[in-house]
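Shown next, in structure tokens, is the structure this report addresses.
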Amino acid sequence: MTLSRPVSPNPATRVGVRPVEVAGGLQFQFAFREGTQERHENHAGEAAVERILSLFPSMFAAANLFTVEADYAAEMRSEGKLRVRRGPPTRRPPVELSHNRTKRYTIPEGVPCPFLVEIGVMTAAGRVRADRQHKFRQINRYLEFVEDILPDLPAEGPLHVVDFGCGKSSLTFAVHHLLTAIHGREVRMLGLDRNPSVIETCRGIAGRLHCDGLEFAVGDIAQHEATERVHLAISLHACDTATDFTLAKAIGWKADVILAVPCCQHELAPQLRSDNLEPLLRHGILRERFASLATDALRAACLEAAGYRTQVIEFIDLDHTPKNLLLRATRRRDCSEQELSRQKHLAVSEMARMMQGLSIEKFTLIDLLGIHSHVPAEPNEVFQAVSGE
């Protein structure tokens, strides 16, 4: 079982539950992911059931149960209703019961995966190449996050996905593989990039692998217009304000889920001014890092103001890439208008105070969303600008 979508406040972002053989017999190991750390608890029988009930739905709003007969997805909706869906099994016996098992990936080692073979991560025999181990782990880590948001996507019909700035598309192919080969969903997916040669390469791979529903096109994020309802919008390492254009597009389409890994946040660094933070801001490297964090904090607040439940999560260990933050946003579909308005006011007020405190005069995503065109003197002015009150 996996538990996800933590209900604030909650130090853990995800809990994995699996059976293990220990000295006292069969127990269930609970792995709590807290930041970069993982802590474990073992519970047997009824105690394991009671522990799950203490976590779901009060601390986690989504639960996925994997059995050898069927998969179950349970979601606690905002109005207090529980939704449960049943699907075909994606896990097969035998079940690994070793206490110190090798990590189980969504795409396992030792089994040839066509797209990983095609892009050179695996050999034809399914062995992960030594110099591509980090890419293999990155892909599987990303798919864990996609697994978590599946309950927020439509349960029936084709899923419409747009990947902005897809580049060489390793994660584009990974998401297509997860949704189609593993979950059996019909997908209409578009990979968009400005580099014609990269797109041509991706089209060749998709053609050789017969990836149904997957297309690639040359295009600019800011100019692209969707012809169908977009359920999932993806952006990996879109440089600087390209991430802001991606988020603005996805918000405008009312995408159910947005997954964005930002890159090269340069917009705020020259603007930052704060007497209280002068010891930090006088050092170039610290200013750049602080500006990157401030940028993503404001992006998360913008998503909250636009009606999304937003988390900022470590994407992959810093050993693999310094660009390791993932913005994960799911649209609040079942909130009352009053609750949405309250969340919007709170997020905009927080943005205004932060921008004032750091002397930020311009932020691209705020401009694109039309929240306000200047930093107001008081947060209340932002309330009035947004709500018309």
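The values are calculated or read from the model by the stated rules, or taken from the named source; none is laboratory data. Remember, predicted model here, so these are calculated numbers, not experimental data. All Cβ positions, even for glycine, are placed from backbone atoms using ideal geometry, and neighbour counts span all protein chains on display.
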Considering (1) closer than 24 Å to VAL230 by Cα; (2) of a type outside the set (Phe, Trp, Tyr); (3) in contact (Cβ under 8 Å) with a residue 24 or more places away in the chain, say which one SER336 fails and leave the rest. (3)
Please find, among THR330, THR321, the residue that is outside any helix (DSSP H, G or I) and either modelled with pLDDT of 90 or more or buried (at least 21 other Cβ atoms within 10 Å of the Cβ) (or both). THR330
Of ASP275, ASP296, which residue is buried (at least 17 other Cβ atoms within 10 Å of the Cβ), among the acidic types (Asp, Glu) and not in a strand (DSSP E or B)? ASP296
Across segment 191-207, what is the number of residues that are in a loop (DSSP other than H, G, I, E, B) and of a type outside the set (D, E, K, R)? 1
Taking segment 204-262, which residues are surrounded by fewer than 24 Cβ atoms within 10 Å (Cβ to Cβ), at pLDDT 90 or above and among the acidic types (Asp, Glu)? ASP212, GLU215, ASP256
If you take the residues of segment 1-50 that are touching a Leu at 6+ places or on another chain (Cβ under 9 Å) and among the hydroxyl-bearing types (Ser, Thr, Tyr), which of them is modelled with the lowest pLDDT? THR36
Do we find that HIS176 is surrounded by fewer than 22 Cβ atoms within 10 Å (Cβ to Cβ) and in contact (Cβ under 8 Å) with a residue 24 or more places away in the chain in this structure? no
Residues located in segment 2-24, provided they are within 19 Å of the chain's Cα centre (by Cα), touching a residue at least 12 places away in the same chain (Cβ under 8 Å) and part of a loop (DSSP other than H, G, I, E, B): VAL7, ASN10, PRO11, ALA12, THR13
Inside segment 166-190, can you point out the residues that are part of a loop (DSSP other than H, G, I, E, B), over 16 Å from the mean Cα position of the chain (by Cα) and farther than 22 Å from ALA62 by Cα? GLY167, LYS168, SER169, GLU186
